[in-house]
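Data block below; observations after.
The values are calculated or read from the model by the stated rules, or taken from the named source; none is laboratory data. As the structure is a prediction and not an experimental result, all values here were calculated from the model. Glycine also receives a Cβ, built like all others from the backbone with ideal geometry; neighbour counts cover every protein chain displayed. Note: accessible area is taken over every heavy atom of the protein model, side chains too, but ligands, DNA and RNA are not part of it. Shrake-Rupley method; radii C 1.70, N 1.55, O 1.52, S 1.80 Å.
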Amino acid sequence: MAPSDHSSEPFLPYGRQSIDEADIAAVVEVLRSDWLTTGPTVARFEQQVAQFVGTQQAVAVSSGTAALHCLMHALEIGPGDEVIVPTITFAASANCVLFQGARPILVDVDPGTLCIDPAAVEAAITPQTRAVLAVDFAGQPCDYDALAAICQQHQLHLVSDACHSLGASYQGRPVGQLAKMTAFSFHPVKALTTGEGGVVTTDDSKLADSMRSFRNHGIDTDHRQRQQAGNWHYQVTKLGFNYRLTDIQSALGISQLKRFPDFLTRRREIAAQYDKAFSSLAGIEPLDLQANSEHAYHLYVIRLKAAELGIDRRAAFEQLRSLGLGVNVHYIPLHLHPFYQQQLGTGPGDCPVAEAAYEEILSLPIFPAMNAADIARVVDALRGLTSSSGQQAA
Ligand SMILES: *Cc1c(COP(=O)(O)O)cnc(C)c1O
């Protein structure tokens, strides 16, 4: 069992924001200004995000979930349509399709990376399929060339849930440019935070205009039209939502973006140290790396091989938690949740690769403020798992 001197150490979560005095000052400055919500700072944040990922447009919204809903709406996904989504992801990746009255088709993942399996995508295509949502699991880009080829052949839209992968790249091309539209999240557990927030990046100005209207009640914001018809004039041209990001949040985003390259570097350093430590630990296997890609390491996921460790994932999870380590499981495959089972008729056996992976996966703490002692604590605890199993076996 856990030695008590260890369990008194502070809890180490799997992810945590890094806020500094400059972030706080930037937010305070907006609080003292004329604009709290949609003002000049939102536009500035959008420009900087677009510049960072290298797209023409960025549309800031109130969450990653809102970003996904905006992009599904901009594609005019609706009743009768199907969108292919991997089963290893957060619920919002499928819910955004259901918000539009369409049907998410949950498919299996690649056993090495746990990103959507292009072969599974191809097998799931029907005459109703309109789009594929690639999810860059853990921060690693999917195989976008394979997905793009399939989408081109079948005339499907390729869109991306990059809530894990801001700063990653695939064959030298940054995430954000790899699909028609790409959604990011700025929740505190993600790589850059605005408290709550999200953005969609795209090169298509028509789609961007559609999303700008959708995030603001479906109001058409054509200034020229407004000038001609009188300054009071605006038109609701479709059903929209209030998915606006505030200037307060955008100020935090701009400030965070300045340090983002350092955040990314630190995540990659931590991952490299884990990789090195686990290369000599039997039964602990990091996920495979996609060739020619740069990983953003939102998550560091290992697979625990119970046969080699002599301890299964549940027992390992509990032992690590008892040591104050905030390990977690990303994710319970969507097709096994009661809601999707009822709504979509899915169930055990549908996605065998994801189901097998689910029995073994564990996300370890990784965030920029982790220090050498924190990393050593995680590595020692995992070594402890293997040595305790050795004692059991002896
Ligand atoms: C976090 C996350 C979302 C949702 O983002 P929110 O900002 O929390 O709404 C969607 N998809 C994935 C894969 C995520 O990790």
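Per 0.36 nm of contour for each residue apart, how much would the distance between ASP288 and GLN341 grow if the chain were fully extended, relative to their Cα-Cα spacing? Spell out each step's value before the answer.
Values: separation 53, 0.36 × 53 = 19.08 nm, distance 2.95 nm.
Working it through step by step, the gained length comes to 16.1 nm.
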* Pop out the carbon and sulfur fraction of the accessible area of the chain as a percent, whole number, probe 1.4 Å. => 51
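Probe radius 1.4 Å, ligands and nucleic acids left out: which of ARG244, ARG259 has the largest accessible area, and how do the rest follow? Let's see the in-between values first.
On the way: ARG244 75, ARG259 50 Å².
Heavy-atom accessible area, descending, gives ARG244, ARG259.
Starting with the highest mean, order 40-47, 306-313, 102-109 by the number of other Cβ atoms within 10 Å, averaged over the residues of each peptide. Could you put the intermediate results ahead of the total?
Values: 40-47: 19.2, 306-313: 16.2, 102-109: 23.6.
Peptide ranking by packing, descending: 102-109, 40-47, 306-313.
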* DSSP-defined antiparallel bridges as percent of all bridges, the chain, nearest 5 -> 60
* Asked: On alpha-carbon atoms, Rg over Rh for the stretch 276-394 using Kirkwood Rh?
  -> 1.01
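Quote to one decimal, in nm, the extra length available between ALA91 and ARG32 on full extension: 0.36 nm per residue of separation minus the C-alpha distance between them.
Working: separation 59, 0.36 × 59 = 21.24 nm, distance 3.74 nm.
Stretched fully, the ALA91-ARG32 segment lengthens by 17.5 nm.
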* To do: Please work out the Cα center distance from the stretch 239-263 to the stretch 119-160, rounded to the nearest Å.
  => 28
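Whenever you get a sec, line up LEU336, LEU323 from highest to lowest accessible area (probe 1.4 Å, protein heavy atoms).
So, going from the largest accessible area down, we get LEU336, LEU323.
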* To do: Normalising by the residue count of the stretch 1-129, find the relative contact order in percent from Cα pairs under 8 Å and 6+ residues apart.
  => 16
* To do: Measure off 7 Å from each Cα along the Cα-to-Cβ vector at ALA369 and VAL189, then give the distance between these two points in nanometres to one decimal.
  => 1.7
* Determine, for each peptide in 198-208, 180-190, the mean count of other beta carbons within 10 angstrom over its residues, then list the peptides with the highest first. => 180-190, 198-208
* To do: Please identify the cysteines of the chain that lack any partner cysteine with a Cβ under 4.7 Å from their own Cβ.
  => CYS70, CYS96, CYS151, CYS163, CYS351
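If I take R0 = 22 Å and measure r between the Cβ atoms of ASP275 and HIS154 in this structure, what FRET efficiency does the formula 1/(1 + (r/R0)^6) give, to the nearest 0.05? Numbers along the way, then the final one.
Details: r = 37 Å, r/R0 = 1.68.
E(calc), rounded to 0.05, equals 0.05.
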* How much length is gained on full extension from LYS258 to ASP204, taking 0.36 nm per residue of separation minus their Cα-Cα distance? -> 16.8 nm
* Estimated inter-spin distance, GLN235 and ARG173, nm [label 7 Å along Cα→Cβ] -> 3.6
* Could you do me a favour and compute the accessible area per residue for the chain, 1.4 Å probe, result in Å²? => 43
* Mean residue ellipticity at 222 nm from the helices of the chain, using -39,500 (n - 2.57) per DSSP H segment of n ≥ 4 over the full residue count, to the nearest 500 deg cm²/dmol? -> -12500 deg cm²/dmol
* the stretch 24-144 - charge dipole about Cα centre, Lys and Arg +1 at Cβ, Asp and Glu -1, debye rounded to 20 -> 380
* If all Cα-Cα distances of the chain are sorted into 20 Å bins from 0 onward, what percent lands in each bin, rounded to whole numbers? -> 27, 55, 17, 1, 0
* ALA356 versus GLU76, label points 7 Å from Cα toward the beta carbon: distance in nm? -> 4.3
